[in-house]
Amino acid sequence: MKQILQSFKTGATTLEEVPAPMVNENSLLIKSSLSLVSLGTERMLVEFGKASLISKARQQPEKIAQVLDKIKSEGLVPTLEAVFSKLEQPLPLGYCNVGKVVAVGKGVSGFAIGDRVASNGQHAEYVCVPEKLVAKIPDDVTDEAATFTVIGSIGLQGIRLLSPTFGETIVVIGLGLIGLLSAQLLLANGCRVVGVDVDSSKCALAEKWGILTVNPARGSDPVKFVLSITNEIGADGVLITASSKSQDIIAQAAGMSRKRGRIVLVGVVGLHINRSDFYEKELTFQVSCSYGPGRYDESYETFGRDYPLSYVRWTEKRNFESVLSALGNGQLNVNDLITEIVDLQDYLSIYDNIGQSPSIASILKYNQNQTKIDTIVKVCDRHFEARKGVIGIIGAGNFTKMTMLPVLKKISADVKMIASSGGVTGTSLAKKYSISYSTSDYHKLIDDSDIDIVMITTRHNSHAKLIMESLKRGKHVFVEKPVALNHSELERIVESLQTKSKYANTSLMVGYNRRFSPHIQAIKQVIGATPDPININATMNAGFVPGNVWVHDLKIGGGRIIGEACHYIDLCVFLTGSAVKSVCMNAMGKSPAENTDNASIMLKFENGSHAVINYFSNGAKAYSKERVEVFSQERVFVVDNFRKTQGFGVKSFNNVKTKIDKGHKAQFQRYLTRIKEGGSPLIPIAEIMNVAEASFAAIQSLKEKRWVDIKN
């Protein structure tokens, strides 16, 4: 299918061929009919993309501090590589889509194939949208009018926060698309509405609907105008829908407000607030968030858990439905707003002039003769017949993009296909790394006869399922940690490995890369494969991750101990040459939750070794992220952030100095060699299972406040 993408690196807007998305749980697959171009929002994105690197940095000063901290802890080159990789990721444009439902996902009710719907889908021929971001279009609303549903909801949410009452005077600053829609909704609410804009044509259009207007570009003073028509009282409320860097707008809003007036920001303006302006009038100021309650809440949007209507009257979905109702009963006039309707392939007629165009609303029209849903696209022509070690990658997130693919390219690995849920990120990476195919349907990947290695880098809750499906199809499996999130998943994986079939040569490898680092290998060479009991003190300065990020969700990410600290459990198993015997974990806080990310894990090993893993998220980013200390026979080895390793009390030990090297390259090199040439697994299955069991035991220990033994 075709989709409009924008480059953050160059600002170029392109129409790309990408796989159509698969329908997800709690979602709908929609075939697009029309989509509205949000000229304000999309113009900002295009202009940001075209800006120089220095200009981009100036627009995001908070990012500069993060970059400087990363340089201190990881070095200049890795930091620059991360920044440029981020900029290379294409951004799908659009969020005002109209189309027909072609597939209904599990868990969705109230929709059927063929329903006309409005959603926040992108500019693409097919879109997969969570059910809570989709609303049915009434019969009396045209597709063209329905494209205004989502953008109208942005203005409506700002109005709901403003809480206008019948007869109040409300000022709308900025008569762009959102401003004009908001002004009409305020009129329908019984308010006297004043519109402020520097565009005479937009003011004239607003006046046609009965809105008072003032144009500062013609010498009018908005503050004096509002005071004059309100007998010097001032406006009851001000809705700012403008997009401007000016600091004057917020000052004008305060100046035209009455005592105890309300100001709500929907647009983007300079926010240098003069305290006295707000203090003397006791003004309230609030920023509106997108379409309404539920926005950016994964529980609501992704998992479809609605807010009870009696407690949250207006969610984003209910706002969509309200706008559609207003369109149906004539309270919203959008026909006057439509400047042009262009075919999708002529998209550049809109985007090439997006900064200078006088258009108010531009609509893209999609080819309705397209009936085939292609979930795979060919990116480049390469042949892999009769080769060993041909790779298919499921997952196109940060690890794949920042670590896995750059390393696989360096070692000239054969990657035939990459699967990503939406198709966009996978296709982008396929083009960059000369991968033959991109797909949104991972089944096409694991069913491909050329592919004998499936590498899994998806969210943690899908690992066990994908491992078992891949093993059943006779593939070698490499999974980026963790292997599983609970005992049940682990047991089923073991059963899959033990099942005898015609695919007797399948294998499982987990990406515990640190044991392959030259820093760890140097220590292991000195202490030996099965050393006498040793002590290990390992600290991971993991960094803060907001609580609403999926890694903290126990059902999706498993929490950071199971999901990330398992790396260090494996490292300790490797260094001790022994299995974990028992585990005890203590965490910060009076009553720590099991998804803690500030904890100390104590490990006892079968051979008498002992280890302490400190996994902390409350440290400084400028400090080294990882530190490992090994104590053995009056010798001490210290690994500092996998850049420098020193030995103390060790004869003829050569200190190791590298760029950050956590062993990824060595891991993939050795793994591919083992697959091609045969031999025992790089990490024995018993060790993989022991590490997983130890991570589960850590959580159990925290719950039960005791040491937990592991059955090996």
Those residues of region 482-508 which are more than 13 Å from MET689 (Cβ to Cβ) and in contact with a His (Cβ under 9 Å, 6 or more places away or on another chain), in sequence order
LEU485, ASN505, THR506, SER507
Mind listing just one residue for me: the one in region 438-464 that is over 20 Å from the mean Cα position of the chain (by Cα) and part of a loop (DSSP other than H, G, I, E, B) and, of those, nearest to VAL483 (Cα to Cα)?
ASP452
If you scan region 645-670, which residues turn out to be without any contact (Cβ under 8 Å) to a residue 24 or more places away in the chain and either surrounded by 15 or more Cβ atoms within 10 Å (Cβ to Cβ) or of a type outside the set (Lys, Arg) (or both)?
GLN646, PHE648, GLY649, SER652, ASN655
Given the condition more than 24 Å from ILE233 (Cα to Cα) and modelled with pLDDT of 95 or more, answer yes or no: does some residue in region 179-196 qualify?
yes
Exactly one of these conditions fails for LEU309: (1) of a type outside the set (Ser, Thr, Tyr); (2) assigned by TED's automatic domain parsing to the domain that holds SER359; (3) touching a strand residue (DSSP E or B) at 6+ places or on another chain (Cβ under 6 Å). Give me its number.
(3)
Selection from region 133-149 of residues that are under 13 Å from ALA326 (Cα atoms) and not in a loop (DSSP other than H, G, I, E, B):
ALA145, ALA146, THR149
Whichever residue in region 577-608 is surrounded by fewer than 17 Cβ atoms within 10 Å (Cβ to Cβ), polar (S, T, N, Q) and part of a strand (DSSP E or B) and, among such residues, is nearest to the chain's Cα centre (by Cα)
SER600
Determine which member of the set ASP336, ASP277 is touching a helix residue (DSSP H, G or I) at 6+ places or on another chain (Cβ under 7 Å), outside any loop (DSSP other than H, G, I, E, B) and loosely packed, with under 15 Cβ neighbours inside 10 Å.
ASP336
Selected residue (only one of ILE467, ILE435 is modelled with pLDDT of 95 or more, assigned to a loop (DSSP other than H, G, I, E, B) and either of a type in the set (A, V, I, L, M, F, W, C) or crowded, with 22+ Cβ neighbours inside 10 Å (or both)):
ILE435
Could you please find all residues in region 484-536 being closer than 20 Å to LYS662 by Cβ and hydroxyl-bearing (Ser, Thr, Tyr)?
TYR512, SER517
Scanning region 218-247 for residues that are without any contact (Cβ under 8 Å) to a residue 12 or more places away in the chain and assigned to a helix (DSSP H, G or I), the one surrounded by the most Cβ atoms within 10 Å (Cβ to Cβ) turns out to be LYS224
Of the numbered conditions (1) crowded, with 21+ Cβ neighbours inside 10 Å; (2) not in a helix (DSSP H, G or I), GLN252 satisfies every one except a single condition; which is it?
(2)
Name the pairs: first residue in region 88-115 and assigned by TED's automatic domain parsing to the domain that holds SER27 and at pLDDT 95 or above, second residue in a loop (DSSP other than H, G, I, E, B) and hydrophobic (A, V, I, L, M, F, W, C), Cβ to Cβ under 6 Å, at least 6 apart or on different chains?
VAL101/PHE111; VAL101/ILE113; ALA103/VAL23; VAL104/PHE111; GLY105/VAL23
Are there any pairs, at least 6 apart or on different chains, whose C-beta atoms fall under 8 Å, with the first in region 363-390 and within 11 Å of MET417 (Cβ to Cβ) and the second basic (Lys, Arg), and if so, which?
ILE376/LYS444; VAL379/LYS431; ARG382/LYS416; PHE384/LYS416; VAL390/LYS416
For region 248-276, pairs from a residue that is modelled with pLDDT of 95 or more to a residue that is part of a helix (DSSP H, G or I) and of a type in the set (Ser, Thr, Tyr), with Cβ under 9 Å and 6 or more apart or across chains, are VAL266/SER182
Failed condition for LEU497, given (1) within 31 Å of the chain's Cα centre (by Cα); (2) in contact (Cβ under 8 Å) with a residue 12 or more places away in the chain; (3) not assigned by TED's automatic domain parsing to the domain that holds LEU672:
(1)
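Each row is one residue, and each column tells you yes or no for (1) touching a helix residue (DSSP H, G or I) at 6+ places or on another chain (Cβ under 6 Å); (2) within 17 Å of THR506 (Cβ to Cβ).
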{"site": "ILE418", "(1), (2)": "yes, no"}
{"site": "LYS432", "(1), (2)": "no, no"}
{"site": "LYS444", "(1), (2)": "no, no"}
{"site": "ASP447", "(1), (2)": "no, yes"}
{"site": "LYS465", "(1), (2)": "no, yes"}
{"site": "LEU471", "(1), (2)": "yes, yes"}
{"site": "HIS476", "(1), (2)": "yes, yes"}
The residue from SER578, SER624, SER600 that alone is among the small types (Gly, Ala, Ser), in contact (Cβ under 8 Å) with a residue 24 or more places away in the chain and within 23 Å of GLU693 (Cβ to Cβ) is SER578
Only listed residue being touching a Lys or Arg at 6+ places or on another chain (Cβ under 7 Å), in the same structural domain as ILE240 (by TED's automatic domain parsing) and surrounded by 14 or more Cβ atoms within 10 Å (Cβ to Cβ), chosen from GLY261, GLY270:
GLY261
A careful count of residues in region 374-417 that are within 24 Å of GLN3 (Cβ to Cβ) and in a strand (DSSP E or B) gives 9
Condition first: among the aromatic types (Phe, Trp, Tyr) and touching a helix residue (DSSP H, G or I) at 6+ places or on another chain (Cβ under 6 Å). Now tell me which residues in region 559-610 satisfy that.
PHE574, PHE605
Any chance VAL477 is modelled with pLDDT of 95 or more, part of a loop (DSSP other than H, G, I, E, B) and buried (at least 24 other Cβ atoms within 10 Å of the Cβ)
no
What is the residue count in region 539-553 for residues that are touching a residue at least 60 places away in the same chain (Cβ under 8 Å), farther than 20 Å from ALA622 by Cβ and among the aliphatic types (A, V, I, L, M)?
1
Can you go through THR14, THR10 and tell me which one is more than 22 Å from ILE338 (Cα to Cα), out of contact with any strand residue (DSSP E or B) (no Cβ under 9 Å at 6 or more places or on another chain) and among the β-branched types (Val, Ile, Thr)?
THR10
Taking the condition under 30 Å from ALA235 (Cβ atoms), within 27 Å of the chain's Cα centre (by Cα) and among the hydroxyl-bearing types (Ser, Thr, Tyr), does SER153 pass?
yes
Looking at the structure I just gave you, is SER470 over 19 Å from the mean Cα position of the chain (by Cα) and of a type in the set (Gly, Ala, Ser)?
yes
Single condition VAL141 does not satisfy, out of (1) within 32 Å of the chain's Cα centre (by Cα); (2) not assigned by TED's automatic domain parsing to the domain that holds GLY267
(1)
I need the strands (runs of 3 or more DSSP E) fully contained in region 1-64, keeping only those with at least 2 residues that are more than 30 Å from SER436 (Cβ to Cβ) and either modelled with pLDDT under 95 or not basic (Lys, Arg) (or both).
27-37
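The values are calculated or read from the model by the stated rules, or taken from the named source; none is laboratory data. Quick caveat: nothing in here was measured; it's all calculated off a predicted structure. When we count neighbours, we look across all protein chains shown, and the Cβ atoms used for this are built from the backbone with ideal geometry, even at glycine.
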